[in-house]
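Down below is the structure, laid out as structure tokens.
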Amino acid sequence: MAWRAVIRTARQPIVIVPPLVFPLFLLAINASGLDAATQIPGFPTDSYLAFALAFPFMQGAIFATNTAGTNIAQDIGSGFFNRLSLTPMRGSSLLAGQLTGVLLVGTIQAIAFLAAGLAAGADIEAGPPGVLVIFALSLLITGAFGTIGLLVGLRTGSGEAVQGLFPLMFILLFLSSAALPRDLIAQDWFQTVATINPVSYLIEGLRSLVITGWDAEALALAFGIGIAIFAVGLAASTAALRERLVRT
């Protein structure tokens with residue numbers, strides 16, 4: 001299943017190219033258009049490019065939600081899932097296989113985003129070890145969001161329902177601390193929403209490695225929330241898989 005997911009992903013450029021191009025395009029726009037924000041007193045860095053570098057990683061994770069859910073929904077719709085239910089394959093193996101393709105895209109994204117950021121002049125304050133942590137956290141977030149897509153795909157069996165998550169996930173992204181640090185958000189309601197929004201802490205964990213160095217609190221929150229989302233999403237997906245296998 002893992003190999004099938006990898007081949008399936010490699011044969012679909014639309015699964016790989018938009019999650020690479022679109023986040024980099026927005027990064028370029030934000031880095032040039034919002035550079036004046038670095039003049040705000042208390043802004044944590046003098047490079048908005050470095051500040052915004054975490055943004056494409058989160059956008060890539062949103063694409064992972066869509067990819068994982070759409071793939072499982074297509075398998076259900078084509079009858080492939082029904083045939084799998086007649087084999088002794090364990091449900092955990094099926095889910096792991098589906099996530100493999102998503103993690104492949106996540107790895108390509110992480111390499112591309114880091115390479116683009118470094119080429120544009122961003123520095124990683126945490127150094128080479130920080131790059132490894134960025135990769136680890138990025139793949140954790142990608143896997144966590146992928147389980148959300150799996151859950152919706154298994155529950156609905158509809159690619160359209162999964163794609164309906166895309167705008168909702170983007171709303172979460174834009175109502176986070178992606179554009180400004182939470183303490184510099186002027187609108188009280190926006191600051192409150194960004195503080196409640198778990199996406200803020202995922203972004204801040206990635207960002208801390210780029211602009212701060214080693215921030216234990218930011219990293220603990222990011223990894224903790226990422227692991228929690230992954231665990232809950234995987235457990236819920238496993239339950240949804242069992243229900244669907246019973247129905248088939």
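The values are calculated or read from the model by the stated rules, or taken from the named source; none is laboratory data. Just so we're clear, the structure is a prediction, and the values are computed from it rather than from any experiment. Glycine gets a Cβ as well: all are built from the backbone with ideal geometry, and neighbour counts include every protein chain shown. With ligands, DNA and RNA removed, areas are computed over all heavy atoms of the protein, side chains included. Shrake-Rupley method; radii C 1.70, N 1.55, O 1.52, S 1.80 Å.
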Sorting D46, D75, D188, D215 on solvent-accessible surface, 1.4 Å probe, most exposed first, gives D46, D188, D215, D75
For the chain, one quarter of the surface area of the C-alpha convex hull, expressed in nm², comes to 13.2
Expressed as a percent, the accessible surface of the stretch 20-72 that is carbon or sulfur, using a 1.4 Å probe and the full set of protein chains, is 66
Rh_Kirkwood(the stretch 131-218) over Cα pairs, Å, one decimal, evaluates to 14.5
Counting only protein heavy atoms and leaving out ligands, DNA and RNA, the solvent-accessible surface of W189 at a 1.4 Å probe, in Å² to the nearest 10, equals 150
Descending accessible area (1.4 Å probe), largest on the left, turns T100, T142 into T100, T142
Taking the stretch 171-248, the equivalent ellipsoid from its C-alpha gyration tensor has semi-axes in Å, biggest first, of 32, 17, 8
Given a Förster distance of 45 Å, the FRET efficiency implied by the Cβ-Cβ spacing of T156 and T192, rounded to the nearest 0.05, works out to 0.90
With a 1.4 angstrom probe the carbon and sulfur portion of accessible area for the stretch 151-248, in percent, totals 68
Over the chain, with neighbouring protein chains present, the accessible area per residue in Å² at probe 1.4 Å is 45
Rounded to whole angstrom, the alpha-carbon centroid of the stretch 36-60 lies from that of the stretch 167-219 at a distance of 11
